Amino acid sequence: MAKSLCNSPTPLFALILPMLLLNYPLSSNSFSIGVNYGALADNLPPPAQVAAFLKDRTFIDRVKLFDSNPDMIRAFAGTGIALIITAANSDIPSLSRLPGATSWVANNISPFYPATNISLIAVGNEILATADRNLIAHLVPALRSLSAALSAAGFHQIRVSTPHSLGILSASEPPSSGRFRRGYDRVIFAPMLDFHRKSKTPFVVNPYPYFGYSSRTLNYALFKPNPGFFDPVTRINYTNMFEAQMDAVFSAMSRLGYGDVQIAVGESGWPSAGDPGQVGINVEDAASYNGQLIQHVTSGKGTPLMPNRTFETYVFSLFNEDLKPGPTAERNFGLFRPDFSPVYDVGVLRGGSQFWSLYAALKNGNVNVMTNDKRCQGGGPTPAPTVGSKWCVAAGGASEAALQANIDYACSTAGVDCRPIQAGGPCFDPNTAQAHANYAMNAYYQFAGRHVFNCDFGQTGVIVTKDPSYGNCKYDA
């Protein structure tokens, strides 16, 4: 006997899903972002499930592995996701000679490529930070030999690089003073950058404002409104630490004559939980940093010294890793929990986190949904879930100085149109800081992705559901 449509959860789910998709569209990928896939945990899902999740449910199209685990590499076959795999630090001396590099390629690349889209091989990780003279001396030769071995195998599209911490700089503040550590600048970095220029591969750095902030510079580190830090040489006022760190690296490269070499971000992130009393370590600030990071590196705005650039970037990290040693924060950098639920929303989920929460609830029969299908009896029609319009405006009680700082910050963001609040514009009157801040903050909120953290503004913004438009002054929604 055929099952009743109304009593069977599967047909009902099939009816509701199209309506759900109308309200939470799985939009096409409009940006490229990567993530670091660490595995220092005892509760992570199998690699094949991870690869399928990233491909089907997220906009993440690049993944960086910290080793060359064959199970992980094999799991990404056929997904199209670009993969960075890492050669162990201990492999560097043998990789510095062509026979060793050839053997490594035969064992770690040939069995998987091109089914798995291996895009780059990272030779070790932050080698200069190890202070191991043997590894450091063999690093550039290893880059060259591995590149030659890949070419000989016919793998011309696979790039070679090595990630660096910002400890490679002896000076970074102000950004124009950026320079590599003495002794390494001409001996290590000049030939390394020459390799990158000739091979058209990126110089990979791991900028972490998290490791450089204080309570005084927290907003500066989190991309939140702040007075900024002035560079007297370039006369640039930096309003976020990430751009300052990137420009410090660029300044160091330019001193050696290699400012044209592309820079990639191998790691950057912010923890969502820490030890008691840690300032700035919470879900809201992690969402703020990573959300703004993704926007900055994919917008094409670049940095003050590198305008109009996008940066190949890998957020740290994919999962919380419960076996990582050290402070609590080290185990809480993940965007997702092991069950694939988001720790917070930074806009990488197709359809958003609300879609997938409702999707799972519907599929598991945990939501009581009414339908107006004539074959179902009882109860009236209930509309499909909808997402109401929301706007961001200034909270009551914010000081005029804070409101002006919000206006300056929002209107200095490329892509945010503040012309309506300029003299003669439809939103110029009333000519008050509160009215102008309302418009500018909302314009930024709508442009940046409409996440809660996009309306934080140092806790001076509030999200409302009543349209603040008036007269000819129309607010985006």
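Assorted remarks:
- Tabulated pairs, segment 86-106, first closer than 12 Å to VAL140 by Cα, second outside any helix (DSSP H, G or I) and not aromatic (Phe, Trp, Tyr), C-beta under 7 angstrom, 6+ apart or interchain: ILE92/VAL123; ILE92/GLY124; LEU95/ALA87; LEU95/VAL123
- Residue match in segment 190-203 (condition: touching a residue at least 60 places away in the same chain (Cβ under 8 Å) and either among the β-branched types (Val, Ile, Thr) or touching a Gly at 6+ places or on another chain (Cβ under 6 Å) (or both)): yes
- Close pairs (8 angstrom Cβ cut-off, 6 or more residues apart or separate chains): hydroxyl-bearing (Ser, Thr, Tyr) in segment 47-72, in a helix (DSSP H, G or I) and open to solvent by 60 Å² or more (accessible area, probe 1.4 Å) anywhere: none
- Qualifying positions in segment 389-420 - part of a helix (DSSP H, G or I) and out of contact with any Pro (no Cβ under 6 Å at 6 or more places or on another chain): GLU400, ALA401, ALA402, LEU403, GLN404, ILE407, ASP408, ALA410, CYS411, ARG419
- Yes/no for ALA131 being in contact (Cβ under 8 Å) with a residue 24 or more places away in the chain and either out of contact with any strand residue (DSSP E or B) (no Cβ under 8 Å at 6 or more places or on another chain) or among the polar types (S, T, N, Q) (or both): no
- Residue that is farthest from ILE73 (Cα to Cα), among those in segment 115-129 that are open to solvent by 20 Å² or more (accessible area, probe 1.4 Å) and touching a helix residue (DSSP H, G or I) at 6+ places or on another chain (Cβ under 9 Å): ALA129
- Residue within segment 265-279 that is part of a helix (DSSP H, G or I), at pLDDT 95 or above and either open to solvent by 10 Å² or more (accessible area, probe 1.4 Å) or not basic (Lys, Arg) (or both) present: no
Residues checked against (1) modelled with pLDDT under 95; (2) open to solvent by 20 Å² or more (accessible area, probe 1.4 Å); (3) basic (Lys, Arg):
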position: SER68; (1), (2), (3): no, yes, no
position: ILE85; (1), (2), (3): no, no, no
position: ASN89; (1), (2), (3): no, yes, no
position: PRO93; (1), (2), (3): no, yes, no
position: TYR113; (1), (2), (3): no, yes, no
position: ALA131; (1), (2), (3): yes, yes, no
position: ARG144; (1), (2), (3): no, yes, yes
position: ALA148; (1), (2), (3): no, yes, no
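- Test result for HIS138, within 18 Å of THR102 (Cβ to Cβ) and in contact with a Pro (Cβ under 6 Å, 6 or more places away or on another chain): yes
- Screening SER145 against (1) over 24 Å from ALA87 (Cβ atoms); (2) in a helix (DSSP H, G or I); (3) hydroxyl-bearing (Ser, Thr, Tyr) leaves a single unmet condition, (1).
- Of all residues making up segment 204-224, the number that are open to solvent by less than 30 Å² (accessible area, probe 1.4 Å), outside any helix (DSSP H, G or I) and in contact (Cβ under 8 Å) with a residue 40 or more places away in the chain: 8
- Within segment 317-337, the set of residues being within 18 Å of VAL50 (Cβ to Cβ) and of a type in the set (S, T, N, Q) comprises SER317, ASN320.
- Test result for LEU44, more than 17 Å from GLY269 (Cα to Cα), modelled with pLDDT under 90 and either open to solvent by 40 Å² or more (accessible area, probe 1.4 Å) or over 18 Å from the mean Cα position of the chain (by Cα) (or both): no
- The residue list GLN434, GLN459 contains one member that is without any contact (Cβ under 8 Å) to a residue 60 or more places away in the chain and either of a type in the set (Ser, Thr, Tyr) or surrounded by fewer than 19 Cβ atoms within 10 Å (Cβ to Cβ) (or both), which is GLN434.
- For segment 297-316, taking the residues that are touching an Asp or Glu at 6+ places or on another chain (Cβ under 8 Å) and assigned to a loop (DSSP other than H, G, I, E, B), the one that is nearest to LEU54 (Cα to Cα) is identified as PHE316.
- Taking the numbered list (1) closer than 20 Å to ALA148 by Cα; (2) open to solvent by 10 Å² or more (accessible area, probe 1.4 Å); (3) among the aliphatic types (A, V, I, L, M) in turn, ILE109 passes all entries but (2).
- Residue tally, condition open to solvent by 20 Å² or more (accessible area, probe 1.4 Å) and without any contact (Cβ under 8 Å) to a residue 24 or more places away in the chain, over segment 409-424: 4
- Qualifying residue in segment 441-451 (condition: assigned to a loop (DSSP other than H, G, I, E, B) and crowded, with 23+ Cβ neighbours inside 10 Å): no
- Of the residues making up segment 225-247, one or more are crowded, with 23+ Cβ neighbours inside 10 Å, out of contact with any strand residue (DSSP E or B) (no Cβ under 9 Å at 6 or more places or on another chain), farther than 23 Å from TRP104 by Cβ and at pLDDT below 95.
- Hits in segment 230-258 (condition: in contact with a helix residue (DSSP H, G or I) (Cβ under 6 Å, 6 or more places away or on another chain) and part of a loop (DSSP other than H, G, I, E, B)): VAL233, THR234, LEU256, TYR258
- Just one of the listed residues (ASP339, ASP322) is open to solvent by 40 Å² or more (accessible area, probe 1.4 Å), part of a loop (DSSP other than H, G, I, E, B), over 20 Å from ASP275 (Cβ atoms) and not polar (S, T, N, Q), namely ASP339.
The values are calculated or read from the model by the stated rules, or taken from the named source; none is laboratory data. Since this is a predicted model, take the numbers as computed values, not measurements. Note that each Cβ is placed from the backbone with ideal geometry, even for glycine, and that neighbours are counted across all protein chains shown. Note: accessible area is taken over every heavy atom of the protein model, side chains too, but ligands, DNA and RNA are not part of it. Shrake-Rupley method; radii C 1.70, N 1.55, O 1.52, S 1.80 Å.
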